[in-house]
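Below: the structure, in structure tokens.
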Amino acid sequence: MEIVEDVVIVGAGICGLTTSLGLHRLGIRSLVLESSDRLRSTGFAFTTWSNAWKAFDAIGIGESLRRQHNLIPSIIVATTFSVQPPSEISFEGHEVRCLQRRLLLETLAKELPNGSIRLSSKVVFIEESGFFKQVHLADGTILRTKVLIGCDGINSVVAKWLGLQKPVFAGRSAIRGLANFKGGHGFGTKFRQFVGKGARSGLLPCDDETVYWFMTWTPAGQEEELEDDPVKLKQFAITKLKDTTDEMKSVVEKTLLDCFVSSPLRYRRPWELLSGNMSKGNVCVAGDAFHPMTPDLGQGGCSAIEDGVVLARCLAEALLKPGADIREKAAEEEEEHKRIEMGLKKFAQERRWRSFELVTTSYIVGYIQQSNGKIMNFFRDKFLSRFLSGLLLNKANFDCGKLN
């Protein structure tokens, strides 16, 4: 069975649904394919900085999300290496919240027309078909589309088709969790972060009852096997965080076993962002398929949301622009294909340097914060702590613009 679509988006994650909603706001229908049988919220939550909230406002969902998540006024950074007093940096003038992925995906999905998301739709291969692409699904369905967008994460099928290299291991892993405190957690609203002894960890309240926490570390060989065992994972996290505060340890203790996730950290080499084919003809990638990065700036999800707005804007300019007065169908299709190609090239070019900056800075910040040498620990804790925290706000001071 062959189905014809104008725009097919692979991946119903943050970037895919943001792109689809942006196109919908501009009057363009798209079909979003999700390989799972439901919307997935892997990672539980993520920090949303001012740049993400500007993008949310651009697609019209900012206010509904603000009502469900507390504003974070500052970050407190403490070291687990020395008795150096904690430093606090105010977020005054910035909008920072810890956003639950499930609530974000549900909000995006509710704003889309019925039938926009096709679940249990795994892409197995892609082939050329004139000015179209044929997308073959595992169930035998064939989709014929004018535009193909890969928002399918670090293991992207679309990125592979474009010839992009697989993201590489950063040498570190992360554990993330979400704890719920019925009746209130009592931790206030501040972002707490702990660095030292080869690990970085932190907790962020999402609302009055829900707390998101994370830990990154450099794994030894046997620790790589923890990923599929939540019992061992929880015990490992408790042991690793023994030098943090009682609040941090209580959050981990409170986390249910099905609210743990562990994964190796991967990123795209910065030079590949500048030289790789992020778009080719009527195909492009966005989000983690474009620029996977380590979590040290908290910009992975935020930049994916930026991508969605910019991509919808560039694509709408191509699809909604009146074509030349061409009577022959083949010539009309060719002219539209050229507009689409230029629109996707414009998107890739606009996002290339922003992605390069975020991926590079995030990697360097993570390396410094997680270093375990005495000299680096002293230098970081004494001189770099406020500077590194300030980078979070610096990279969030960005506006991807309106939809039109």
If unit charges are put on Cβ atoms (+1 for Lys and Arg, -1 for Asp and Glu) and the dipole of the range 204-353 is taken about its Cα centre, the option from Q349, P264, M215 lying farthest towards the positive end turns out to be Q349
For the chain, the dipole about the Cα centre with charges only on Cβ (Lys and Arg +1, Asp and Glu -1), to the nearest 20 debye, works out at 880 debye
In the chain the DSSP beta bridges are antiparallel at a rate, in percent to nearest 5, of 70 percent
Treating every alpha carbon of the range 120-206 as one equal point scatterer without solvent, the Debye formula yields log10 I(q)/I(0) values at q = 0.11, 0.21 Å⁻¹ of -0.61, -1.03
Placing each pseudo-label 7 Å from Cα in the direction of the beta carbon, R29 and T360 end up separated by a distance in nanometres of 4.4 nm
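Pairs to check: K133/K338; K133/K402; K321/K345; K122/K338; K54/K345; K160/K346. Give those whose C-alpha atoms are more than 18 Å from each other in this structure.
K133/K402; K122/K338; K54/K345; K160/K346
Leaving out ligands, DNA and RNA, what percent of the accessible area of the chain is carbon and sulfur, probe 1.4 Å? List each step's numbers first, then the result.
Numbers: 9110 of 17630 Å².
The computed percentage sits at 52.
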So, for the Cα atoms of the chain, Rg and Dmax in Å stand at 21.7, 77
Each label sits 7 Å from Cα toward the beta-carbon; between D6 and D208 the label points are separated, in nm, by 4.5 nm
Highest mean packing first, using Cβ neighbours within 10 angstrom, the peptides 12-21, 268-277, 106-115, 185-194 sort as 12-21, 185-194, 268-277, 106-115
Subtracting the Cα-Cα distance of E127 and K338 from 0.36 nm times their residue separation yields 74.1 nm
Reduced to Cα centres, the span from the range 275-307 to the range 109-157 in Å works out to 18 Å
For the L71, E328 Cβ pair and Förster radius 60 Å, calculated FRET efficiency rounded to 0.05 is 0.60
Rounded to two decimals, the Rg over Rh value of the range 290-364 from Cα coordinates and the Kirkwood Rh reads 1.18
Yeah, the range 1-65 with a ≥ b ≥ c from its alpha-carbon gyration tensor (a/c under 1.5 is rounded, else prolate when a/b outruns b/c, oblate otherwise) is oblate
Using alpha-carbon positions, the gyration tensor of the range 34-125 gives root eigenvalues a ≥ b ≥ c; with a/c under 1.5 called rounded, otherwise prolate if a/b exceeds b/c, else oblate, the class is oblate
Plugging the Cβ-Cβ distance of S64 and A220 into 1/(1 + (r/R0)^6) at R0 = 45 Å yields, to the nearest 0.05, a FRET efficiency of 0.55
Placing each pseudo-label 7 Å from Cα in the direction of the beta carbon, R38 and N277 end up separated by a distance in nanometres of 3.8 nm
Taking the dipole of the chain about the Cα centre (Lys, Arg +1; Asp, Glu -1; charges at Cβ), the one of I89, N180, Q100 that reaches farthest to the positive side is I89
Result row for the chain, helices from DSSP H with C-alpha axial extent 20 Å or more and mean Kyte hydropathy at least 1.0, is 300-320
Computed, not fitted: 222 nm per-residue ellipticity of the chain from DSSP H runs ≥ 4 (each -39500 (n - 2.57)), nearest 500, equal to -11500 deg cm²/dmol
Mean accessible area per residue over the range 154-240 (1.4 angstrom probe, all protein chains present, square angstrom) is 44 Å²
Looking only at lysines whose Cα falls under 25 Å of K197's and that sit 8 or more positions away or on another chain, we get K232, K234, K240, K242, K249, K254, K374, K382
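The values are calculated or read from the model by the stated rules, or taken from the named source; none is laboratory data. These numbers come from a predicted model, not from an experiment. Please note: Cβ atoms are built from the backbone with ideal geometry, for glycine as well, and neighbour counts cover all protein chains shown. Calculation scope for accessible area: heavy atoms of the full protein, side chains included, ligands and nucleic acids excluded. Shrake-Rupley method; radii C 1.70, N 1.55, O 1.52, S 1.80 Å.
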